[in-house]
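See structure below.
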Amino acid sequence: MIDLERIRADFPGLAQEVHGKPLVFLDNAASAQKPRAVIDAVAHHYAHDYANVHRGVHQLAERATDAYEGAREKVRAFLNAPARHEIVFVRGTTEAINLVAASWGRHSLRAGDEVVITEMEHHANIVPWQLMAEQIGFQIKVAPILDDGSLDMEALAALLSERTRLVAVTHMSNVLGTVNPIREIVDMAHAHGALCLVDGAQSVSHLPVDVQDLGCDFYAFSGHKLFGPTGIGVLWAREELLEAMPPYQGGGEMIREVSFERSTWAELPYKFEAGTPHIVGAIGLGAAIDYVNGIGLAAIEAYEAELLAYATEVLNSVPGVRIIGTAPHKGSVLSFVMDCAHPHDIGTLLDAEGVAVRAGHHCAMPLMERLGLPATARASFAFYNTREEADALVAALHKVREIFA
Ligand code: PMP
């Protein structure tokens, strides 16, 4: 069960007014608010235990290293990854996918190979493949969506062949809310000898993720959407893949030995963590994972499903509103357009009412093109949002209609 009162009290950012109105924060798909536990963990570490990690011979270095590596273990358990050294700390989902494209992609892909993505991908799971395809000459194939925003599984199946080397797919769409059937997609990819990369940027804060259950080969997510700090994220990959992949960046931390003639690499995961890492970011992410586990992702998923159903119903009651993305399995994202107003005007007017939503292409321009829309307004909910906030959104949309219709 979700104890909303207690949970909301844990998030200092939620308890404020904007433009003289109580804040209704519905921009969680872009980035989520932080609980006091995360803010305190970050402040505590900077105040008491701060030093650079690894190789330290003094007390603070040891404490910092223990906290940083402790956070890695929390991430491992969170994803149910087999081994801690398969958890690579990166800047976020974007860097994780760039790492896979630049390291695994450059090392393993050849001209004539194919990487399959989908029409609903975020730019972070499109552009890294384009950059690498330009250098190597492999093909990028795009699996289409159906009109309700589901992935067209038949069309995906038809795209796969012995040329397919990777299927790179989002777990949950940041625009449509669609939750993709990852286990099924993984099985299809593996049946063709291809790997599967999952963009977990949107999913980790909404549903339980078990990489062993999913069966995927790479999983990427960002700390800031999981109620943790910005600038920290995770790439999980199978050990044998990480072992075979060349380093992504060179520098300190990632080497075993360096001479001017040649260098050798550190063991996993340090081979992929060149330079001083975002130590306190990782520790803050660990605190965010503890916080989310304290509520439980199964409880979060159940609560948000109910909240989404309610918000969908009340939003549909506003004349001239059209919800974009109505797949049967979706997370708590509501993209919409109105017949009377442009999404950017909707966003500005909602802000005046204290309601924070996002308007634009949501870093998914090809999807917008497929939908035939320049932009949508998007209300995205977290477990700390309430039915009353969905009502506030709807009341504000009625005002938009009064002004524009
Ligand atoms: N993929 C998806 C589905 C996303 O929603 C986002 C963030 N909007 C990203 C990737 C990129 O995440 P980040 O900016 O944290 O690297």
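The values are calculated or read from the model by the stated rules, or taken from the named source; none is laboratory data. Keep in mind it's a predicted model, so treat the numbers as computed, not measured. We place every Cβ from the backbone using ideal geometry, glycine too, and count neighbours over all the protein chains shown.
A few notes on this one:
- Single residue of 194, 189, 220 found to be within 11 Å of the ligand (Cβ to nearest atom) and at pLDDT 95 or above: 220
- Residue list for the range 117-130, restricted to those being within 19 Å of the chain's Cα centre (by Cα) and more than 9 Å from the ligand (Cβ to nearest atom): 117, 118, 119, 126, 127, 128, 129
- Residues considered: 214, 160, 151. Of these, the only one that is surrounded by fewer than 23 Cβ atoms within 10 Å (Cβ to Cβ), touching a residue at least 24 places away in the same chain (Cβ under 8 Å) and under 20 Å from the mean Cα position of the chain (by Cα) is 214.
- Count of residues meeting criterion [away from the ligand (no atom under 16 Å from the Cβ) and assigned to a loop (DSSP other than H, G, I, E, B)] in the range 197-217: 4
- Identity of the residue in the range 40-54, without any contact (Cβ under 8 Å) to a residue 40 or more places away in the chain and of a type in the set (Gly, Ala, Ser), that ends up surrounded by the fewest Cβ atoms within 10 Å (Cβ to Cβ): 47
- Residues that are within 23 Å of the chain's Cα centre (by Cα), closer than 23 Å to residue 212 by Cα and in a loop (DSSP other than H, G, I, E, B) within the range 163-193 comprise 171, 173, 180, 181, listed in sequence order.
- All conditions but one from (1) in contact with a helix residue (DSSP H, G or I) (Cβ under 9 Å, 6 or more places away or on another chain); (2) surrounded by 14 or more Cβ atoms within 10 Å (Cβ to Cβ) apply to residue 301; the one that does not is (1).
- Any hit, the range 249-271, residues being of a type outside the set (A, V, I, L, M, F, W, C), buried (at least 16 other Cβ atoms within 10 Å of the Cβ) and part of a helix (DSSP H, G or I): yes
- Filter result for residue 22 (more than 16 Å from the ligand (Cβ to nearest atom), more than 13 Å from residue 282 (Cα to Cα) and not assigned by TED's automatic domain parsing to the domain that holds residue 201): yes
- Tally, over the range 8-40, of residues that are among the aliphatic types (A, V, I, L, M), closer than 24 Å to residue 293 by Cβ and under 22 Å from the mean Cα position of the chain (by Cα): 7
- Residue among 281, 228 that is assigned to a helix (DSSP H, G or I), within 13 Å of the ligand (Cβ to nearest atom) and touching a strand residue (DSSP E or B) at 6+ places or on another chain (Cβ under 9 Å): 281
- Candidates 61, 29, 47, 37, filtered to the one that is away from the ligand (no atom under 16 Å from the Cβ) and closer than 30 Å to residue 387 by Cα: 37
- Within the range 117-140, residues that are under 25 Å from residue 330 (Cβ atoms) reach partners that are within 16 Å of the ligand (Cβ to nearest atom) and basic (Lys, Arg) with beta carbons closer than 7 Å, at six or more positions or on different chains, in the pairs 119/370.
- Yes/no for residue 101 being of a type in the set (A, V, I, L, M), assigned by TED's automatic domain parsing to the domain that holds residue 242 and away from the ligand (no atom under 16 Å from the Cβ): no
- When residue 37 is tested against (1) part of a loop (DSSP other than H, G, I, E, B); (2) surrounded by 14 or more Cβ atoms within 10 Å (Cβ to Cβ), exactly one condition is not met: (1).
- Only listed residue being touching a Leu at 6+ places or on another chain (Cβ under 9 Å) and outside the structural domain of residue 254 (by TED's automatic domain parsing), chosen from 95, 17: 17
- Search result, residues across the range 72-97 that are closer than 17 Å to residue 220 by Cβ, away from the ligand (no atom under 16 Å from the Cβ), within 18 Å of the chain's Cα centre (by Cα) and of a type outside the set (Lys, Arg): 78, 79, 80, 81, 87
- In the range 362-380, the residues that are away from the ligand (no atom under 11 Å from the Cβ) and more than 18 Å from residue 341 (Cβ to Cβ): 365, 366, 369, 370
- Residue match in the range 283-295 (condition: loosely packed, with under 14 Cβ neighbours inside 10 Å and farther than 25 Å from residue 215 by Cβ): yes
- Scanning the range 1-19 turns up no residue that is surrounded by 17 or more Cβ atoms within 10 Å (Cβ to Cβ), within 30 Å of residue 128 (Cα to Cα) and in contact (Cβ under 8 Å) with a residue 12 or more places away in the chain.
- Scan of the range 231-247 for residues that are away from the ligand (no atom under 12 Å from the Cβ) and either farther than 22 Å from residue 275 by Cβ or touching a strand residue (DSSP E or B) at 6+ places or on another chain (Cβ under 9 Å) (or both), ordered by number: 236, 237, 238, 239, 240, 241, 242, 244, 245, 246, 247
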